[in-house]
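Every number in this text was worked out from the coordinates using simple rules, so none of it is lab data. Computed from a predicted structure; not experimentally measured. No Cβ is skipped: glycine too gets one built from the backbone with ideal geometry, and neighbour counts run over all protein chains shown.
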Amino acid sequence: MKFSIAVDLGRDSAETTMEEALAQLVDIVTFADAAGFEIAWAAEHHCIEYTVAPNPLTMLTHWASRTERIRLGTAVVVAPYWHPIRLAGEIGLTDLLTGGRLEVGFGRGAYQYEFDRMAGGIPQQQGDAYLREIVPALKRLWAGDYAHEGVLWSFPTATAVPKPLQQPHPPLWVAARDPNTYDWAMKNGLNVMATPLNQPFSEVENLARKFNQALADNPGTPRPRFMVLRTSYVYDSPDDWMIPVEAARTNARVFEALFSNASGVVNGFPQPISLADHAAKANFVPEAIHENLMFGTPDEVVRKLRAYEAVGVDLYCFGANLGLPHELTMRSLELFASEVMPHFTRVEAEAAAD
């Protein structure tokens, strides 16, 4: 199993300047580059300070100028917010500017709050149709002249300019939860990125079963990569276990508010749903959050990761955004890189030697 990291530019109040938030973000990405993480992922979101990400491709170009070897990926480009011709050219240019280090993840979108502002108010679930139409169109545009007559977009003969540096295109990924998306990924040559959110490890097993079933239903298909993202935090002392738990509880309340349009956004800052509305949920109990998410001392995290590896996760994604003070985030990353990752790289080295 290899490791990647998802990190966002964001702030929870105007007291933190955008310059400060950006400097802290670059600290994390440059550390991940030096520590041996394979990929750093940037999101796309709009109109919210919680995740400042109007164009993940621009962010990745910024990271490329400050890193040496780490690959750079979108997690994710939101299909309903883009025109195929524009996205094809933007991806080609970003791959060129990053020296061929680009990975492209696609998704249908998450927050209804954004769909109301970016996609004409369509239900978030309808984003799937945009995803399934745009990816084949992009491949054709990268290959050469192509005219598109689809349900959602139509355009006369055109091609992507520039073409990606990686040929025929950068590695492609899709965010997947339902079985149909896993099957579509296999049929279209996309790797799979999944998140169990705050659910127990049984949901990781469920996602792995969907992946394996889709692979079995498409015989002869090369096995794509399977990545799972979890919010992660490593700490020195077992006594520190409530530090990430409290932060995760706040994040869950914000996510639910944006996902369901359950509360307002004031000048870009989302208002979390009330604690009372969330407190009774089983996955919101502090002990459940601690066990379900990738929280723990280095030994605890290694134990949890072994289970992910055993169900076939190829690439574990360290979700770095908890809204904690920067020094705590960096200490967590240092512990993960120095005391967790070597347990898995040693196994790979020993297997290669044998």
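Is it true that some residue in the stretch 312-325 is touching a helix residue (DSSP H, G or I) at 6+ places or on another chain (Cβ under 9 Å) and assigned to a helix (DSSP H, G or I)? I'd like the intermediate steps shown before the answer.
The first filter runs over the stretch 312-325 and keeps only residues touching a helix residue (DSSP H, G or I) at 6+ places or on another chain (Cβ under 9 Å), leaving 312-313, 316, 318, 320-324.
Those still in the list that are assigned to a helix (DSSP H, G or I) too: none.
Within the stretch 312-325, none of the residues are touching a helix residue (DSSP H, G or I) at 6+ places or on another chain (Cβ under 9 Å) and assigned to a helix (DSSP H, G or I).
Only one entry in Val301, Val285, Val340 is β-branched (Val, Ile, Thr) and surrounded by fewer than 16 Cβ atoms within 10 Å (Cβ to Cβ), namely Val285. Picking from residues in the stretch 19-40 that are in contact (Cβ under 8 Å) with a residue 24 or more places away in the chain, touching a Leu at 6+ places or on another chain (Cβ under 8 Å) and not acidic (Asp, Glu), the one that is farthest from Gly109 (Cα to Cα) is Ala35. So, in the stretch 206-230, exactly how many residues are part of a helix (DSSP H, G or I), in contact (Cβ under 8 Å) with a residue 24 or more places away in the chain and surrounded by fewer than 16 Cβ atoms within 10 Å (Cβ to Cβ)? Residues in the stretch 206-230 being part of a helix (DSSP H, G or I), in contact (Cβ under 8 Å) with a residue 24 or more places away in the chain and surrounded by fewer than 16 Cβ atoms within 10 Å (Cβ to Cβ): 2 in total. Within the stretch 102-143, how many residues turn out to be free of Cβ contacts under 8 Å to residues at least 40 places away in the same chain and among the aliphatic types (A, V, I, L, M)? Looking only at that region, the number is 3. Inclusion of Leu138 among residues that are assigned to a helix (DSSP H, G or I) and closer than 16 Å to Pro84 by Cα is warranted. The helices (runs of 4 or more DSSP H) falling completely within the stretch 1-119 that include 3 or more residues that are over 26 Å from Glu334 (Cβ atoms) map to 56-64, 84-97, 112-118. Restricted to the stretch 90-101, and to residues there that are without any contact (Cβ under 8 Å) to a residue 60 or more places away in the chain and closer than 27 Å to Ser154 by Cα, the residue that is surrounded by the most Cβ atoms within 10 Å (Cβ to Cβ) is Thr94. Name every residue in the stretch 63-89 that is surrounded by fewer than 18 Cβ atoms within 10 Å (Cβ to Cβ) and in contact (Cβ under 8 Å) with a residue 12 or more places away in the chain, in order of residue number. Hits for the stretch 63-89 are Arg66, Glu68, Arg69, His83.
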